[in-house]
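Structure first, then comments.
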Amino acid sequence: MAILEKINETSDLKKLNIEELKLLCTEIREEIVETVKNNGGHLSSNLGAVELTVAIHYVFDLNSDKLIFDVGHQCYTHKILTGRKENFKSIRTTGGLSGFSDRNESPFDINTTGHSGTSIPITLGLLKARDSLNENYNVIDVVGDGSFVNGLNLEAMTARNIKPKGMLVILNDNGMSISRNRNALYRFISRNTTTKSYLKTKTGIKKVFGNSFVVKFLRKIRTFIKRVFNKNNYIERFGFKYVTGVDGNNLEKTIKALSRIKEVMKNKAVFLHVRTKKGYGYEVAEKSPDLYHGVGKGLTVTQGDFSEAFGNSVYKLIEEDGKNVVITAGMTYGTGLDKVMRDFKNNFFDVGIAEECAITEASGLALGGLKPIVAIYSTFMQRGYDEILHDVCLSDLPVVLCLDRAGLVGADGKTHRGVFDLSFLSHLPNMHIFAPSDTSEFDSVLRYAVKLNRPVAIRYPNGKIPTFTHNTDINLSLWEVLKDGQGVSILAVGPRMISLAYEIADKSDGTIEIINARSVKPLDEKVLERIKNNKIITLEENAIIGGFGSLVSDYYKNKCENAEIFSFGIKDEFVSHGDIKSQMKDNGLTAENIIGKARINGEK
């Protein structure tokens, strides 16, 4: 009988011996690979954390203790061990398990998460609540080396120099965020400073002298020496007992280390620095952990059409003008910048998972006379809202923000939806926003944005993108008429909405005009004046509240013109994981729904 078949809840682990636990890790790894093959998902990050997660479940009682994963994309083993193994094959599918921690899915998922850098402040908050309510439990926080250096986690580390007992922060160090970790602080803390000889000497002294005055004296000497020679001692000054030198892929050693640490946690917070190998146990993922960080069905590793187009366009821009530079936040390959990084090292900057830093650093580059382009996924650009407002728009600086993965993102789930950027960017003074319809239009839009010499955001979705026939360059007209018609004008933002507009036209009476509204801000007022007596339909892959449709409605209201407008977009709800077609249907973005609600065929 397979070991995994015996595991129905986390407490079942404690009945197994070490050899059975090792077999369990092998079976879990096989289950993860097979499921990701079928559904896509985060592969290398989960494979690297199997033994570490099993060890945590074995040592701690997660019926009372709480386990938090920073980001949450390494929680697959945790899901399998907490009563969800039978449903694990449904992960990332419509109606199935989430690919991240989700507190609506299981009481063992303490929080819903998908962005990095949040776990240490959440852990501190949980422990403060525990103490205020006189409860008794430990909190174990698994944070990756890429997430650890994010601003929120660092703020939590330094906010107070006394940390609560029962707190364990596990730095899961695999040298990677999404791409390779180049952060200076990470490189500093990644050096092991607790040697085997040190640990053996400490244990030997305790055995000989016990807790006598000799030991107390030696402890003072030890503390002094550590302050002089231990370059990582600053972690202890933040209120932790610092432990390092643990191989997180060695199950037996990890269990022993955690068992000792569990005793220390009764009196003090602990910071455990473990080493793991991203993609561990699966050769192709071990060799290319960045490429296999997130994969599609069949373990396919591809860039989206727009990501590839972006990389090619930036490459050409740098070739033509060395003042063009590009910044990303720990996602070089995902944004299509791998070739730029390889060939233009002086024009490429990866700040790691620190989006706020990327945006403000871009403002400094612009102040210094360069032409910065910032490439960050839409969902992560949210984290830099204040920096966009305060450091870019306020000074009207020529920073171009390129928002990959804008719109619906399918199986990645509600934490990764890029459906809020039009709403949170459009009300910022000085900001220009563009949404190219396809990759053939992308290069001209990016070049137009760079020449504007103003704050600009360009948003575009992931995946395969259709190509449309263009007749008007953006340098000549902000918007473009793709199909002539009379009486009904559809203003569509982005490729999926333009495709939907054509579907609506095909299923109606053929009098529909389709307009590529590639400039969301500013609006094309010449076109709006021309169509003001038509029935107007706006389509956007963005929250309907505060989005493109709102801008169009406000334009006519401010001119006291009573235009007939029907706006369609994402409802005021978080969109769960699943396929994009289902998500569009759930949000009313179908031809049938729009034809009916807008009464396109003359229905009253």
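Derivation of every value follows stated rules applied to the coordinates shown; laboratory data play no part. These figures come from a predicted structure and were not determined experimentally. We place every Cβ from the backbone using ideal geometry, glycine too, and count neighbours over all the protein chains shown.
For ASP65, the residues 5 or more places off, or on other chains, whose built amide H falls under 5 Å of its own are ASN138. Size check on the chain: the Cα extents along the three principal axes, sorted descending, read 94, 58, 47 Å.
Take every DSSP beta bridge whose two residues both sit in the chain; close to 15 percent of them are antiparallel.
Annotation for ASN63 and VAL33: the two label points, set 7 Å from Cα along the Cα-Cβ direction, are 3.4 nm apart.
The Cα center of segment 296-313 and the Cα center of segment 565-599 differ in position by 26 Å.
What is the diffusion coefficient of segment 480-597 in µm²/s, taking the Kirkwood radius over Cα pairs and the Stokes-Einstein relation at 37 °C with a viscosity of 0.692 mPa s?
Numbers: Rh = 14.4 Å.
The estimated diffusion coefficient comes to 228 µm²/s.
Over segment 480-597, what is the relative contact order in percent, taking alpha-carbon pairs closer than 8 angstrom and at least six residues apart?
In percent, rounded to a whole number, it is 27.
Exposed loop sites here mean GluC sites (Glu not before Pro) with a DSSP loop assignment and at most 15 other beta-carbon atoms within 10 Å; the chain contains its longest site-free run at 136-560. Calculate the length of the line joining the C-alpha centroid of segment 362-411 to that of segment 498-560, in whole Å. If you average the Cα positions of each part, the centres end up 26 Å apart. Converting phi to 3J(HN,Hα) with the Karplus coefficients 6.51, -1.76 and 1.60 and the offset θ = phi - 60°, segment 276-285 yields 9, 10, 5, x, 3, x, 9, 3, 5, 6 Hz in sequence order, with x at every glycine or proline. Overall, the ratio between the Cα radius of gyration of segment 295-407 and 2.2 N^0.38 Å, rounded to two decimals, is 1.04.
For the pair ASN312 and THR469, label points projected 7 Å from Cα toward Cβ lie 2.2 nm apart. Applying 1/(1 + (r/R0)^6) with R0 = 22 Å to the Cβ-Cβ distance of GLN486 and LYS526 gives a FRET efficiency near 0.75. A quarter of the convex hull surface defined by the alpha-carbon atoms of segment 305-365 gives 3.8 nm² as the mean projection.
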